[in-house]
1. I need to check one value: relative contact order of the chain, counting alpha carbon pairs closer than 8 Å and at least 6 residues apart, in percent.
2. Just to check I understand the Karplus step: with θ = phi - 60° and J = 6.51 cos²θ - 1.76 cosθ + 1.60, what whole-Hz values come out for the stretch 152-167, glycine and proline as x?
3. Suppose R0 equals 56 Å; then what is the FRET efficiency for residue 281 and residue 5 from their Cβ-Cβ distance, rounded to the nearest 0.05?
4. Once phi is turned into θ = phi - 60°, what whole-Hz ³J(HN,Hα) does the Karplus curve with 6.51, -1.76 and 1.60 give for every residue of the stretch 302-316, x standing for Gly and Pro?
5. Among 21, 163, 317, whose Cα sits farthest toward the positive end of the charge dipole of the chain (+1 at Cβ of Lys/Arg, -1 at Cβ of Asp/Glu, about the Cα centre)?
6. Compute the helix-to-body angle for 189-203: its Cα long axis versus the longest principal axis of the chain, expressed 0 to 90° and rounded to tens.
7. Taking 0.36 nm per residue of sequence separation and subtracting the Cα-Cα distance, how much length would be gained by fully extending the chain between residue 308 and residue 34, in nm to one decimal?
8. Compute the longest continuous run of the chain that contains no exposed GluC sites (Glu not before Pro); treat a site as exposed when its DSSP state is not H, G, I, E or B and it has at most 14 other Cβ atoms within 10 Å.
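The values are calculated or read from the model by the stated rules, or taken from the named source; none is laboratory data. Worth saying up front: this structure is predicted, and the values here are computed from it rather than measured. All Cβ positions, glycine included, derive from the backbone under ideal geometry; neighbour counts span all protein chains shown. Keep in mind that these areas ignore ligands, DNA and RNA; they rest on the heavy atoms of the full protein, side chains included. Shrake-Rupley method; radii C 1.70, N 1.55, O 1.52, S 1.80 Å.
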Amino acid sequence: MASIKDVAAEAGVSVATVSRVLNEHPAVSPAARERVLAAVAALDYRPNAVARSLRTDQTRTLGLVISDVLNPYFTELARSVEEEARALGYSVIIGNADERPDLQDHHVRTLLDRRIDGLLVSPTDGGSPLMLNAARAGTPMVFVDRWIPGVDVPVVRSDGRAAVRALVAHLHGLGHRRLAIIAGPAATTTGSERVEAFREALAEYGVALPDAYIGQGDFQAESGRRATEAFLALPEPPEVVFAADNLMALGALDAIRARGMRVPEDIALAAFDDIPWFVHTDPPVTAIAQPTGELGRAAVRALVDRIEGRPPQSVTLPARLVVRRSCGEPPPPAPTTDPTDPTDPAAPPEDPKDTRSTT
């Protein structure tokens with residue numbers, strides 16, 4: 001592998017001149033700059049990023065700690081973060097917390113030790129002293145999707161309250177009155193917020209949310225299965241199960257089918273966090289969709305603003321209800337055909353011998 005000394009020898013300049021060209025310093029003649037860049041290309045020289053970081057105190061690297069890499073929501077979020085970071089000239093190192101606070105803190109500590117320029121985190125709980133201390137120490141940080149109340153860090157998230165109200169109104173309009181929820185961990189902001197939004201929306205219709213209709217989950221599929229089994233074992237099971245995330249919804253679907261029950265004929269199912277799979281289930285699942293890609297991109301922009309000395313902004317984007325067929329929705333109307341319309345593909349072909357008047 002070529003070194004900076006090799007580039008200098010090839011270009012016939014000093015090592016200092018090569019360094020100035022690579023760092024875009026203006027005090028280099030156009031001719032010398034051209035020779036250095038030609039030598040860099042000829043030798044396929046790649047600067048040592050670690051050595052450069054020691055000189056500039058920047059690594060052009062961001063850390064991202066996500067709650068669960070197996071959750072399609074966070075997979076899409078990570079992808080959009082990586083794409084936006086790359087467009088802005090940064091690389092991303094990803095750590096998967098697997099919904100475990102101890103693993104989350106392990107990744108945060110490791111990333112900080114590696115001198116990342118900034119940190120994006122979707123916290124697994126609200127009580128991490130490590131992140132609190134890092135924020136107080138001035139580490140550039142942005143919370144994405146979830147946040148820790150009381151920590152002065154920009155937050156990029158979606159607001160699902162209006163979408164939850166729209167879902168409850170939709171379910172009420174379909175005649176459902178016994179509605180249950182599989183909640184995420186109460187220690188997470190999204191876990192507690194979605195339950196509260198669901199309870200408030202039900203109250204607008206005079207519908208209570210009994211404790212027996214609140215299943216405790218952990219944003220993973222197995223907890224959705226267990227909670228749904230408990231619902232189905234009740235003397236009066238719910239008519240609808242609303243899972244507060246997509247993996248718990250898939251676990252709920254497994255539990256329903258294991259009993260030989262059908263969705264939506266025997267019990268309805270809805271989910272928070274829409275995923276592409278929901279279109280292909282039978283029936284397709286009614287869900288609340290978050291603007292995941294936009295959240296990831298906005299989080300990177302906020303963090304880079306903080307790193308580069310611009311004031312970062314918190315961002316809140318609306319979620320939306322996507323109505324499909326898992327809650328007893330009527331089938332979409334069949335396309336109508338007009339046999340007299342010659343542009344209608346279902347219309348009979350015109351008989352060229354028919355000379356009857358149309359007036």
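1. 15 percent
2. Working through the residues one at a time gives 7, 9, x, 10, 10, 7, 9, 9, x, 4, 5, 5, 5, 4, 5, 5 Hz.
3. On the way: r = 61 Å, r/R0 = 1.09.
Plugging the Cβ-Cβ distance into 1/(1 + (r/R0)^6) gives 0.40.
4. Per-residue couplings from phi come out as 5, 5, 5, 4, 5, 5, 8, x, 9, x, x, 10, 5, 9, 10 Hz.
5. With unit charges placed on the Cβ atoms, the residue in question is 21.
6. 30 degrees
7. Between residue 308 and residue 34, full extension yields 95.7 nm more.
8. The longest uninterrupted stretch comes out as 25-203.
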